[in-house]
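One structure is given below, encoded as structure tokens.
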Amino acid sequence: GMAGWNAEQMLAGMPDVLDLAAASGEDLAGVTDIVTDSLTGFGLTAADTGEFVDVLATAATKSNTNVSMLGESFKYAAPLCGTLGYEAEDTAVMLGLMANSGIKASQAGTTLRTALANLVSPTKEQAAEMERLGLSLTDSSGQMLPLLTLAESLRDRFSDMSQAEQSAAASALFGKEAMSGMLAIINASEAD
């Protein structure tokens, strides 16, 4: 109710949230807070609860994180990702890839938020590095590219670089605080 859901929405969303709490072993209040806050961050509604719960459960199962840590990550990343039109599923993949490298919870969320903010509103140095690498957040008509398309572009551009070149480019693009997490995404395998 504190998230603005009416009684009908609460009753409809409760089975999915209960399933996630039971599957994750986490308390219902915490899981409920994670789900409602993240849905709001992505601009989703109570009707999207089932799909979003599946995203959380899948990410927690297939990466080195859990629902609680993902909730902490989404707290920082979801508002910007949602504003940019990025899908919760793609965001979860990015957060899961970072978690597999030990970058979890608030650190992963702030890393993704910082990296994207730097790409959306780059400094002169960051804009020059984006141009040098041929990176863009938008397609030819000015529409935002999907988040995983951005990740694929980064992986492609970084694939022929030495480790030193990757580190320098990542630092220039994302900043020193966000470069480790973004390199974890960039250097992840297709299977990951």
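The values are calculated or read from the model by the stated rules, or taken from the named source; none is laboratory data. Bear in mind that the values here come from a model prediction, so they are computed numbers and not experimental data. We place every Cβ from the backbone using ideal geometry, glycine too, and count neighbours over all the protein chains shown. In case anyone asks, the SASA skips ligands and DNA or RNA and just uses the protein heavy atoms, side chains included. Shrake-Rupley method; radii C 1.70, N 1.55, O 1.52, S 1.80 Å.
Is it the case, given these coordinates, that GLY181 is touching a Ser or Thr at 6+ places or on another chain (Cβ under 6 Å), at pLDDT 95 or above and within 18 Å of LEU56 (Cα to Cα)? Steps first, please.
Numbers: touching a Ser or Thr at 6+ places or on another chain (Cβ under 6 Å): yes; at pLDDT 95 or above: yes; within 18 Å of LEU56 (Cα to Cα): no.
Criteria not met by GLY181.
If MET69 satisfies all but one of (1) open to solvent by less than 70 Å² (accessible area, probe 1.4 Å); (2) touching a residue at least 60 places away in the same chain (Cβ under 8 Å); (3) not polar (S, T, N, Q), what's the number of the condition it fails?
Every condition holds for MET69 apart from (2).
Residues checked against (1) in contact with a helix residue (DSSP H, G or I) (Cβ under 7 Å, 6 or more places away or on another chain); (2) open to solvent by less than 30 Å² (accessible area, probe 1.4 Å):
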| residue | (1), (2) |
| --- | --- |
| GLU8 | no, no |
| ALA12 | yes, no |
| ASP16 | yes, no |
| ALA21 | yes, yes |
| LEU28 | yes, no |
| VAL31 | yes, yes |
| GLY41 | yes, yes |
| GLY50 | yes, yes |
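Does the range 1-56 hold any residues that are in contact with a Gly (Cβ under 6 Å, 6 or more places away or on another chain) and assigned to a helix (DSSP H, G or I), and which are they?
So in the range 1-56, the residues in contact with a Gly (Cβ under 6 Å, 6 or more places away or on another chain) come out as 16, 34, 41-43, 46, 49.
Selection gives ASP16, ILE34, GLY41, ALA46, THR49.
List the helices (runs of 4 or more DSSP H) that sit entirely inside the range 73-192 and contain at least 2 residues that are of a type in the set (Lys, Arg) and open to solvent by 70 Å² or more (accessible area, probe 1.4 Å). Can you show your working first?
Numbers: elements: 88-100, 105-120, 124-133, 147-158, 163-174, 179-186.
In the range 73-192, the matching helices (runs of 4 or more DSSP H) lie at 124-133.
Using beta carbons and a limit of 6 Å, which pairs, at least six apart or on different chains, have the first residue in the range 79-106 and free of Cβ contacts under 8 Å to residues at least 12 places away in the same chain and the second one not charged (D, E, K, R)?
Cβ pairs passing all conditions: none.
Check ALA7, ALA47, ALA23, ALA60 and return the single one that is of a type in the set (Gly, Ala, Ser) and under 14 Å from the mean Cα position of the chain (by Cα).
Working: ALA7 fails: under 14 Å from the mean Cα position of the chain (by Cα); ALA47 fails: under 14 Å from the mean Cα position of the chain (by Cα); ALA23 fails: under 14 Å from the mean Cα position of the chain (by Cα).
Going through ALA7, ALA47, ALA23, ALA60 in turn, just one is of a type in the set (Gly, Ala, Ser) and under 14 Å from the mean Cα position of the chain (by Cα): ALA60.
When ALA59 is evaluated against the numbered criteria (1) touching a residue at least 24 places away in the same chain (Cβ under 8 Å); (2) surrounded by fewer than 20 Cβ atoms within 10 Å (Cβ to Cβ), which criterion, by number, is the only one it fails?
Every condition holds for ALA59 apart from (2).
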